[in-house]
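Below is one structure, written out as C-alpha cells, with a few remarks after it.
The values are calculated or read from the model by the stated rules, or taken from the named source; none is laboratory data. None of the values given here were measured: they were computed from a predicted structure. Virtual Cβ from ideal backbone geometry, glycine too; neighbours counted across all protein chains shown.
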Amino acid sequence: MKFSVLFFMICLTIAVTPTKTSAATINIISDIADAQVFSQAVQGNFLNSTITNMSVGRNGNVLNAAVLVFELPTIAPGEIIVNANLSFTSEQGSITDVPNADLYGLDFRVASTALATDFFAGPNDSSASKIQDDILTNTMPIGEVAVTTNNSGDSALVSYLTAQLTNGAQAGNFVFLRINIDEVIPSSGTVKNYKIFSASNPTPPVLTIETLQAIPEPSTISFCFLALFIVSIRKKFYCGN
Ligand SMILES: [Ca+2]
Ligand SMILES: [Ca+2]
C-alpha cells in the first residue's frame, strides 16, 4: 500500500471516531405507566400499573412479569448512544425455589401503556431482545437488593436502544424493559416471586444513557488537512512516489 494512501486512511479513521468532548449523560426515571403484568386476568385485569412493588414470579394462581417504561429523551443530531445502564431495586423473601429472571427489551411504542401481551414466562422469548440473562437469581439475599445491569447487559442495552432509534423511535416515545422468570412455575397457590420497586416507589428504576457527538473535533479536522498537505508536499519532492 502506498504511504500516502495509508496515511489518508489513518486520518479518515481518526476523523470518524467519536470524540468525548460533547458527551451527555441522561438519567431517565421509569414512567409511572410501569406495570405488573399477569399471565391471566385477575378480577378482569391483565395488569396493575399503580402497584409500588411489581411481582416477578408466581402469586397464587397467576404468573407475573414486571414491565418498566422509559420515555426516550432528545438525542441531538449526530449523537450516538455509547453506554447504557439499568438500575432498580428488588426485594424478596425466601426465594430458594423461585426460577431466575431475565431482562428483555420490547419494541418501542408511541404510548406509555403496558399491554397484556407484554407478559412472558419461560427460557427464551424470540420476539423480544434478551438484554441480560439471569439478572435476578434465587441466590440473592433476602430483602432489598440494588440491581444493576452488568457489562454485557450494558452493551446489549446500547444495541437495543440504538435499534429502537434506527427503527424510528423518537423523543417522547417509550421503550419497555421486561423482567420475567425463565421457567413456568406450576400452580401451587403459594407466593414465589421477586418484587421490583416501581416508579410509584420512592426508589424507582432508572435507565441511564450516555451519548457522544460522532463528529470530529475541529483540531482533528485541522490535523487531517495538515496531514494531506504534508503528503502532497512529499509527493512533489519525491517525484510522485
Ligand atoms: Ca406504575
Ligand atoms: Ca435465564
Query raised in the report: Is it the case that the stretch 124-141 has a residue that's surrounded by 14 or more Cβ atoms within 10 Å (Cβ to Cβ) and within 16 Å of ligand 1 (Cβ to nearest atom)?
Result: no
Query raised in the report: Tell me, which strands (runs of 3 or more DSSP E) lie completely within the stretch 165-216 with 3 or more residues that are in contact with a strand residue (DSSP E or B) (Cβ under 7 Å, 6 or more places away or on another chain), modelled with pLDDT of 95 or more and surrounded by fewer than 22 Cβ atoms within 10 Å (Cβ to Cβ)?
Result: 206-213
Query raised in the report: Exactly one of (1) more than 16 Å from ligand 2 (Cβ to nearest atom); (2) within 23 Å of residue 38 (Cβ to Cβ); (3) touching an Asp or Glu at 6+ places or on another chain (Cβ under 6 Å) is unmet by residue 83. Its number?
Result: (2)
**Report entry** Near pairs, Cβ below 7 angstrom, 6+ apart or cross-chain, from the stretch 54-78 (more than 27 Å from residue 169 (Cα to Cα)) to any residue that is hydroxyl-bearing (Ser, Thr, Tyr) and modelled with pLDDT of 95 or more
**Finding:** 56/194; 57/194; 62/39; 63/39; 64/55
Query raised in the report: Checking residue 114 against (1) part of a strand (DSSP E or B); (2) touching a Ser or Thr at 6+ places or on another chain (Cβ under 7 Å), which test does it fail?
Result: (1)
Report task. Being in contact with a strand residue (DSSP E or B) (Cβ under 7 Å, 6 or more places away or on another chain) and more than 16 Å from ligand 2 (Cβ to nearest atom) is the filter; apply it to the stretch 87-110 and report the residue that is farthest from residue 180 (Cα to Cα). Result -> 109
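Within the stretch 111-124, which residues are of a type outside the set (A, V, I, L, M) and in contact with a strand residue (DSSP E or B) (Cβ under 6 Å, 6 or more places away or on another chain)?
Here is the first cut: in the stretch 111-124, the ones of a type outside the set (A, V, I, L, M) are 112-113, 117-120, 122-124.
The answer is 112, 118, 119, 120.
Among the listed residues 198, 159, 155, 126, which satisfies the condition of being in contact (Cβ under 8 Å) with a residue 40 or more places away in the chain and on the phi < 0 side of the Ramachandran plot?
Details: 159 fails: in contact (Cβ under 8 Å) with a residue 40 or more places away in the chain; 155 fails: in contact (Cβ under 8 Å) with a residue 40 or more places away in the chain; 126 fails: in contact (Cβ under 8 Å) with a residue 40 or more places away in the chain.
Exactly one residue qualifies, and that residue is 198.
Restricting attention to the stretch 54-76, report how many residues are in a loop (DSSP other than H, G, I, E, B), aliphatic (A, V, I, L, M) and at pLDDT 95 or above. Break it down into steps so the answer makes sense when it comes.
First pass over the stretch 54-76, keeping only residues in a loop (DSSP other than H, G, I, E, B): 60-61, 72-76.
Add one more test, that the residue is aliphatic (A, V, I, L, M), and what stays is 72, 75-76.
Then keep just the ones that are at pLDDT 95 or above; that gives 72.
Residues in the stretch 54-76 being in a loop (DSSP other than H, G, I, E, B), aliphatic (A, V, I, L, M) and at pLDDT 95 or above: 1 in total.
Pick from 28, 14, 10, 51: which is at pLDDT 95 or above and under 30 Å from residue 213 (Cβ atoms)?
On the way: 14 fails: at pLDDT 95 or above; 10 fails: at pLDDT 95 or above; 51 fails: under 30 Å from residue 213 (Cβ atoms).
Within the list 28, 14, 10, 51, the selection yields 28.
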Report summary line: Given the conditions (1) within 23 Å of the chain's Cα centre (by Cα); (2) away from ligand 1 (no atom under 16 Å from the Cβ), every one holds for residue 197 apart from (2)
